[in-house]
1. Looking only at the range 291-312, which residues are surrounded by 15 or more Cβ atoms within 10 Å (Cβ to Cβ), more than 7 Å from the ligand (Cβ to nearest atom) and not in a helix (DSSP H, G or I)?
2. Does Phe383 satisfy the condition of being in contact (Cβ under 8 Å) with a residue 24 or more places away in the chain, part of a helix (DSSP H, G or I), closer than 30 Å to Lys298 by Cβ and not assigned by TED's automatic domain parsing to the domain that holds Glu278?
3. Is there a residue being free of Cβ contacts under 8 Å to residues at least 60 places away in the same chain, within 16 Å of the ligand (Cβ to nearest atom) and surrounded by 14 or more Cβ atoms within 10 Å (Cβ to Cβ) anywhere in the range 54-68?
4. State all residues of the range 217-274 that are of a type in the set (Asp, Glu) and surrounded by fewer than 24 Cβ atoms within 10 Å (Cβ to Cβ); if no residue qualifies, say none.
5. Which one of these is assigned to a helix (DSSP H, G or I) and among the β-branched types (Val, Ile, Thr): Ile371, Ile378?
6. How many residues, within the range 234-270, are assigned to a loop (DSSP other than H, G, I, E, B), within 12 Å of the ligand (Cβ to nearest atom) and either among the small types (Gly, Ala, Ser) or over 15 Å from Ala55 (Cα atoms) (or both)?
7. Taking the stated definitions as given, is Met119 crowded, with 22+ Cβ neighbours inside 10 Å, in contact (Cβ under 8 Å) with a residue 24 or more places away in the chain and either more than 20 Å from the chain's Cα centre (by Cα) or farther than 23 Å from His398 by Cα (or both)?
8. Take the residues of the range 313-341 that are under 12 Å from Phe367 (Cβ atoms) and part of a loop (DSSP other than H, G, I, E, B): which is nearest to the ligand (Cβ to nearest atom)?
Amino acid sequence: MSDTTHATLQLAGKQYALPVFIGTEGETAFDITRLREQSGAITFDEGYGNTGSCASTVTYIEGEKGILRYRGYPIEQLAEYSHFVETAYLVIYGELPTRGQRAKFSDLLTENAPIHERMVYLFESYPRDAHPMALLGAMVNALACYYPHLATNTHYGDTDNFDEAAATLISKVRTITAMAYRMSRGLPVIYPKRSLKYCENFLHMMFSDPYEHYQCPEVVSRALNLILLLHADHEQNCSTATVRMVASSGANLFASAASGVCALWGPFHGGANQAVIEMLQTIHDDGDDGSRFIASAKQGKCRLMGFGHRIYRNYDPRAKIIGKACEELLRTLGVQDPLLDIARRLEQAALSDNYFVERKLYPNVDFYSGIMMRAIGIPMNMFTVMFAIGRMPGWVAHWREVAAAGRPRIYRPRQIYTGCSCREYLPVEKRG
Ligand code: CMC
């Protein structure tokens, strides 16, 4: 009879029984937490493609089937019926809020929208053309300077004030982002309004003027809600794994989230939404219909940005939802964007090309989100910042899982050393 509770590893004539750990949806892992202690060996998995770094109750993804669920709810249902703030509550606290809980959470966000007035002066010291992701990382970290009671750097102290810290982060990143945008353009700063909802308030701070209030079309606030909601969590991606890693050292929520911002910035991760538009613009400017670009990608000279995913091997469910919403937004606003035509042509060509089919490369969430944000009026260098705003609830939830764990353990992977063996120090005159 086969033993489904243990896997057996044979090494140098000895056998080791590894407990089998099975998740809610049947995912199977061999628990190797005592492997080194028992055998002296470790596992090797560069890029962590086969490593479960934690157990988590936040998000479930089944890449082969294109399934994504936050706290058990399918992304398609949340995209259709929920909005960003409600979904943020769900991701953070684990349940859809009652009417009362939702109102209380919204009030907390409203209360925490303004930033400390002295933080406004911080923007002045940065160059006008500073990348908004560099600014965001710095400002999120700076929250610990201005709200030290929420950043005690002790898990118990910081979890005691968790509700306020979570609302501070989620609400203030929106204010910080809009202020950075206004200052980068030499425009007067617009303060948040208590009467506006989360997305409308952000668009107000971005696009209102002291003499003219921005009238937010319903389709625009709906589109922004959707973009943020679709980004709210994505289990152990590069930035979330980074947040958990930093949190495991006992670091406060703001420091952990700032590290997430830095990890997200790279073009293979959140920076892909900006890279997609740059790619589409280049194709457009070169008068290419996309075929030359695809040929270069196949030769390994470049990558089709917004394509491919480590986990999704069939399709990215977020891309399906966002592709449809993108068409709808542009149609309703009456925007003709030649980049959308190029994107559609690229998608069609790539999906019927063996190179992409064999490697299971499909459009991911970043492929269409940039075109939507362009239509809303968000500048390209802010696209990844929008991803970060959307991802905050996920980072908050994961930070809490680490910080509130009964026995928090610092994350500390091992390595296989492949450098020089021990050698003698040579004085400089003998080094040739
Ligand atoms: N265009 C062309 N070829 C690609 C692409 C692409 N976008 N992505 C992967 N490949 C090829 C790659 O060259 C390799 O080919 P070969 O086997 O011949 O060497 C094969 O597919 C496997 O690639 P990989 O780099 O081992 O795949 P990965 O799982 O490590 O990378 C990825 C995943 C998302 C980093 C990668 O697909 C990529 O760079 N995509 C473009 C950037 C992008 O859109 N990133 C956003 C991801 S979704 C948002 C998020 O969660 O961050």
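1. Filtering the range 291-312 for residues surrounded by 15 or more Cβ atoms within 10 Å (Cβ to Cβ) gives 293-294, 297-298, 303-309, 311-312.
With more than 7 Å from the ligand (Cβ to nearest atom) added as a condition, the list becomes 293-294, 298, 311-312.
Passing the criteria: Ile311, Tyr312.
2. yes
3. Within the range 54-68, the subset free of Cβ contacts under 8 Å to residues at least 60 places away in the same chain is 55, 62.
Now narrow it down to the ones that are within 16 Å of the ligand (Cβ to nearest atom): 62.
Next, only the ones that are surrounded by 14 or more Cβ atoms within 10 Å (Cβ to Cβ) stay: 62.
For the range 54-68, residues free of Cβ contacts under 8 Å to residues at least 60 places away in the same chain, within 16 Å of the ligand (Cβ to nearest atom) and surrounded by 14 or more Cβ atoms within 10 Å (Cβ to Cβ): present.
4. The answer is Glu218, Glu235.
5. Ile371
6. 5
7. Values: crowded, with 22+ Cβ neighbours inside 10 Å: no; in contact (Cβ under 8 Å) with a residue 24 or more places away in the chain: yes; either more than 20 Å from the chain's Cα centre (by Cα) or farther than 23 Å from His398 by Cα (or both): yes.
Against the criterion (crowded, with 22+ Cβ neighbours inside 10 Å, in contact (Cβ under 8 Å) with a residue 24 or more places away in the chain and either more than 20 Å from the chain's Cα centre (by Cα) or farther than 23 Å from His398 by Cα (or both)), Met119 does not qualify.
8. Asp316
The values are calculated or read from the model by the stated rules, or taken from the named source; none is laboratory data. Only a predicted model underlies this, so the values are computations on that prediction, with no experimental measurement involved. For neighbour counting, all protein chains shown are included, and Cβ atoms are generated from backbone atoms with ideal geometry for every residue, glycine included.
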